[in-house]
1. Given the structure, is residue 71 of a type outside the set (Ser, Thr, Tyr) and under 30 Å from residue 155 (Cβ atoms)?
2. Report, by residue number, each residue of the range 83-104 that is crowded, with 18+ Cβ neighbours inside 10 Å and touching a Ser or Thr at 6+ places or on another chain (Cβ under 8 Å).
3. Please verify whether residue 66 is closer than 23 Å to residue 23 by Cβ, assigned to a helix (DSSP H, G or I) and in contact (Cβ under 8 Å) with a residue 12 or more places away in the chain, treating the condition exactly as stated.
4. From the set of residues in the range 86-108 that are of a type in the set (A, V, I, L, M, F, W, C) and under 20 Å from residue 152 (Cβ atoms), which is farthest from the chain's Cα centre (by Cα)?
5. Considering only residues that are of a type outside the set (D, E, K, R), under 18 Å from the mean Cα position of the chain (by Cα) and open to solvent by 40 Å² or more (accessible area, probe 1.4 Å), which ones fall in the range 140-164?
6. Can you pull out the residues in the range 8-31 that are open to solvent by 20 Å² or more (accessible area, probe 1.4 Å) and either closer than 13 Å to residue 65 by Cβ or without any contact (Cβ under 8 Å) to a residue 12 or more places away in the chain (or both)?
7. Going by what's in this entry, would residue 137 be described as open to solvent by less than 40 Å² (accessible area, probe 1.4 Å), at pLDDT 95 or above, closer than 23 Å to residue 101 by Cβ and outside any loop (DSSP other than H, G, I, E, B)?
8. Please enumerate the residues belonging to the range 32-51 that are open to solvent by less than 20 Å² (accessible area, probe 1.4 Å), over 12 Å from residue 65 (Cα atoms) and not aliphatic (A, V, I, L, M).
Amino acid sequence: GISLFANGLAGPLPASLGSLANLRELLLQHNALEGEVPPALGQLQRLETLDLGGNALCGTMPPALGRLRRLEYLNLAANKLSGPLPPEVGSLSRLEALHLDRNGFRGPLPEEFGYLSRLENCNLSHNLFEGALPATCARLKALKALFLGHNRFGGRLDCLAALCRGRGPPGDDGDDADDGGALVELY
């Protein structure tokens, strides 16, 4: 892996990082990196951890990151990212932790967000997300901590109630046996 966190690195992320085919960890948090997240990072098919938090990255989250099928940890917190969360995020089937807090993401969460079946810890706070949470969020049965504060969410809370009980959405298989837990923290 590459671990260069808190080193005072500055400038844009080079797209050539996408050619490191065997890379499993890319830890570049707490630097002074700026510019857009290169879509070429979506070529890192073995990547399990991507931590770019605490930089000055801007632009949108590239949909190409949805190709990181082995990704378990994604931290893009405390940057200057904006725009909607791309639906391709729902393709990150192994994702356990997602930190997008303290950015300028906006719009509703895509329905595909609820496909993150292994997600345990999710921080979307301090953004401009809005609208109702998609009903598919009730499928996030592994979720232990969900931070949604300081956004513009509204609407019904049915999916949150289902998460607190550890149950899926209406019409689920009906098996309410312990599937790994229920939501423990909600902010």
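1. Answer is yes for this residue.
2. The answer is 101, 102, 103.
3. Yes; evaluated as a whole, the condition is true for this residue.
4. 105
5. 147, 150, 153
6. Across the range 8-31, the qualifying residue is only 17.
7. No, not satisfied.
8. Passing the criteria: only 51.
The values are calculated or read from the model by the stated rules, or taken from the named source; none is laboratory data. Model, not experiment: these values are computed from the prediction. A quick note on method: Cβ atoms are made from the backbone with ideal geometry, for glycine too, and the neighbour counts reach across all protein chains shown. Remember, those area values only see protein heavy atoms, side chains included, never the ligands or the DNA or RNA. Shrake-Rupley method; radii C 1.70, N 1.55, O 1.52, S 1.80 Å.
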